[in-house]
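Bear in mind these aren't lab numbers, they're just calculated from the coordinates by the rules spelled out. Everything numeric in this text was worked out from a predicted model, so none of it was measured. Cβ atoms come from the backbone with ideal geometry, glycine included; neighbour counts cover every protein chain shown.
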């Protein structure tokens, strides 16, 4: 099986090096983070409804790979949205890369967000951009030159089986193709924290195994990875595993 393309050694600096320098300047600390994410007594409710998450205590050590399980509707997606700052908790504390989000200034919050890659269940591809443009977007936003990122984007898309769909728009893609494009976009900039919500839900078992291998290799290179799934067959024996049920998270592996 071919090696994961974006993990091949490169002569130029990795994207995360620039992110780390920016983050250190804004946070006032150059020390490596102990935790990529930490939630303390976190609860979440939408409007005046019942709490979806209640007193959640949950931590991802930097460099770890973890799985989050739970039935459909348990709140796995909501928990991940809290972790990439798409939602704010009703109460409790959330820290990312050892920075308390409640007191982090907007520039620091933006620097933190740039260190996170996200795979959403609804894919969130930009409809007017091609597959190539969607996947390249994190690198383009970071200021990487098109001539630098183009070979990596093409190679990664080929590796996930989308080499023939570079110029296609999201509306013309199948669900599985959208999922692969979303995963490619999430990993292309080599994030420090990768949150993947049901990343294999729309692909066949062979491609699912290939995508899990990609995420595993990202972890071996230092990325902290959290995969939310209801498919227990995806979770290797002995993996660090959490269960979300009735609003509470507990470690089960």
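Compute the length gained on full extension between residue 216 and residue 100: take 0.36 nm times their separation in residues and subtract their Cα-Cα distance, giving the result in nm to one decimal.
So the chain would gain 39.0 nm between residue 216 and residue 100.
Give me the one-decimal nm value for the distance between modelled label points at residue 251 and residue 239, 7 Å along each residue's Cα-to-Cβ direction.
Going from the residue 251 label point to the residue 239 one covers 1.7 nm.
Based on the alpha-carbon set only, what is the convex hull volume of the range 65-140 divided per residue, in Å³?
146
Report for the chain the percent antiparallel among DSSP-assigned beta bridges with both residues inside it, nearest 5.
In the chain, approximately 50 percent of DSSP beta bridges are antiparallel ones.
For the chain, place one equal point scatterer on every Cα, skip the solvent, and apply the Debye formula. What is log10 of I(q)/I(0) at q = 0.07, 0.09, 0.16 Å⁻¹?
Results for the chain at q = 0.07, 0.09, 0.16 Å⁻¹ read -0.23, -0.38, -1.26.
Rule-of-thumb check for the range 128-224: C-alpha Rg over 2.2 N^0.38 Å?
Scaled against compact globular proteins, the figure is 1.02.
Compute the distance in nm between two label points, each set 7 Å from the Cα along the Cα-to-Cβ direction, one at residue 174 and one at residue 90.
Spacing of the two 7 Å Cα→Cβ label points: 4.1 nm.
For a protection proxy built on the mean count of beta-carbon atoms within 10 angstrom, sort 163-176, 145-158, 82-95, 58-71 highest first, please.
The densest-packed peptide leads the list: 58-71, 82-95, 145-158, 163-176.
What are the semi-axes of the equivalent ellipsoid for the range 184-253, taken as the square roots of 5 times the Cα gyration tensor eigenvalues, largest first, in whole Å?
Ellipsoid half-lengths, sorted descending, are 20, 15, 12 Å.
Per DSSP helix of 4 or more residues, -39500 (n - 2.57); summed, then divided by the residues of the chain. What does that give at 222 nm, rounded to the nearest 500?
Computed ellipticity for the chain at 222 nm equals -10000 deg cm²/dmol.
Given a Förster distance of 25 angstrom, what is the FRET efficiency for residue 35 paired with residue 232, based on the Cβ-Cβ distance and rounded to 0.05?
Once rounded, the FRET efficiency stands at 0.45.
Could you give the length gained by full extension between residue 166 and residue 206, i.e. 0.36 nm per residue of separation minus their alpha carbon distance, to one decimal place?
Additional length available on full extension: 12.2 nm.
How many times 2.2 N^0.38 Å is the alpha carbon radius of gyration of the range 38-79?
Output field value: 1.29.
Taking N as the number of residues in the range 32-104, what is its Cα Rg relative to 2.2 N^0.38 Å?
1.09
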